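None of the figures in this text is laboratory data; all of them are computed from the coordinates on show. From a predicted model like this one, the values you see are computed outputs, not experimental measurements. Note that we place each Cβ from the backbone using ideal geometry, even for glycine, and neighbour counts take in every protein chain shown.
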Amino acid sequence: MNFESYILPHIWNLKPYSSARDEFKGNEGVFLDANENPIGSATEESWNRYPDPLQYDIKTILADIKHCPIDQIFLGNGSDEAIDLLIRMTCQPGQHEIIICPPTYGMYEVSASINNISLQRINLTLDYQLDVAGIQSAINQNTRLIFLCSPNNPTGNKLNRSAIYEVLQSFQTGFVVIDEAYIDFSDEPSFISELKAYPQLIVLQTLSKAYGLASLRLGMAYAAPKLIQLFNKIKPPYNIGGATQKIVLEALQNKEFVKKSVELIKIEKENLILKLASQKDIIQIFPSEANFVLIKFNQAQELFDYLISQKVITRNRTNVSLCEGSIRITIGLPDENAYLLKKISDFYA
């Protein structure tokens with residue numbers, strides 16, 4: 001695939017900002033190059049030095065965990081940063097288009113709107129799978145990005161892998177972005193292993209879910225090395241702070257936490273689904289390979305409001321296309337799930 005055809009010319013020609021840490025990569029010396037405070041920080045721990053702009057230590061560990069080379073990894077301030085940068089490097093307002101498949105993660109549309117890029121919406125089918133024929137008919141010479149989320153948010157199900165391959169094989173005028181934010185809770189293998197076979201593929205993941213690092217805002221994009229170079233070319237120079245890098249390095253060593261948290265969440269999800277299945281006012285519980293479940297209720301809006309009044313905070317998806325009458329419930333701790341079940345029972349009593 002010829003990347004130059006699908007990247008905006010000014011991005012190729014851009015001269016990136018060169019930070020002090022780009023010009024000198026050592027850790028020892030008298031640092032008088034970056035206008036830092038030499039005294040230290042107004043905190044117990046010192047953060048007065050700028051961090052590694054390319055987060056080499058984190059990428060080294062991730063490369064081992066994800067079984068891919070370092071030059072296929074980009075780290076962003078959440079995966080939202082990668083989404084925004086990708087739109088900016090590929091899409092010209094008034095000319096290019098993006099395809100999304102609602103119901104899906106809302107930031108694809110928000111980022112397109114911020115960048116003033118036209119959007120085509122090809123809804124999922126009634127069983128929340130890709131309408132491949134609809135996507136293929138919507139593709140034109142100005143289509144630059146197709147966003148697919150699997151497992152999907154807010155529905156929780158994985159997209160059929162064969163359908164994703166069909167889209168990958170038929171789309172040759174831009175990039176297919178597969179958002180795998182919830183992949184740790186799924187039995188589906190990551191598409192990272194397909195990067196070599198499909199150079200137009202970009203895979204997004206996050207440390208917010210299974211690793212429990214939502215507050216740190218660290219997301220990953222995996223792509224062909226030439227694309228990763230472009231991400232690094234246009235990102236802010238120090239997009240991942242030093243404190244975040246330090247904590248992430250610690251978290252990546254704790255594989256046991258990830259294993260146990262995923263196991264607990266899966267067990268609690270199955271328990272919650274089993275107990276909710278006997279509730280007569282539930283219309284449908286949708287299959288989930290994520291850390292949440294989407295449920296269609298009678299009187300969904302009223303139930304959502306009642307739960308709020310009882311300090312149980314869920315996500316109302318009633319007004320989302322194809323999710324009418326549905327509430328998305330994140331899996332909590334056992335006592336939290338028990339409290340939720342009691343309040344649902346109380347509402348329908």
Exercise for review: Compute the signed sum of charges (Lys and Arg +1, Asp and Glu -1) over the other residues within less than 14 Å, Cβ to Cβ, of Y17.
Suggested key: +2
Check your understanding: In the neighborhood of I282, defined by Cβ-to-Cβ distances under 11 Å, what is the net charge if each Lys or Arg adds +1 and each Asp or Glu adds -1?
Key -> +2
**Study point:** Added length on full extension, which subtracts the Cα-Cα distance from 0.36 nm per residue, A34 to E188
**Key:** 50.9 nm
Review point. Hey, could you pull the Cα Rg and Dmax for the stretch 89-218, both in Å?
Key: 14.3, 41
Point to revise | Helix 56-66 vs. the chain, principal-axis angle (Cα, 0 to 90°, nearest 10) | key: 40 degrees
Review point. Rounded to the nearest 5, what % of the DSSP beta bridges within the chain are antiparallel ones?
Key: 55 percent
Check your understanding: Relative to the longest principal Cα axis of the chain, at what angle does helix 161-170 sit, 0 to 90 degrees, rounded to 10?
Key -> 50 degrees
Exercise for review: Give me D335, D84 ranked fewest to most by other Cβ atoms within 10 Å of their Cβ, as a rough exposure proxy.
Suggested key: D335, D84
Point to revise | Rel. contact order, % - alpha carbon contacts under 8 angstrom, at least six apart, the chain | key: 17 percent
**Study point:** Mean Cβ count within 10 Å, highest first, over the residues of peptides 48-54, 71-77
**Key:** 71-77, 48-54
Point to revise | At 1.002 mPa s and 20 °C, Stokes D of the stretch 256-348 from Kirkwood alpha-carbon radius, µm² per second | key: 159 µm²/s
Exercise for review: Work out how much length Y17 to T60 would gain on full extension: take 0.36 nm times their residue separation and subtract the Cα-Cα distance, in nm to one decimal.
Suggested key: 13.1 nm
Check your understanding: Roughly what angle does helix 300-309 make with the longest principal axis of the chain, taking Cα atoms, 0 to 90 degrees, to the nearest 10?
Key -> 70 degrees
Exercise for review: First obtain the Kirkwood hydrodynamic radius of the stretch 3-253 from its Cα pairs, then insert it into the Stokes-Einstein equation at 20 °C and 1.002 mPa s, and state the resulting D in µm² per second as a whole number.
Suggested key: 112 µm²/s
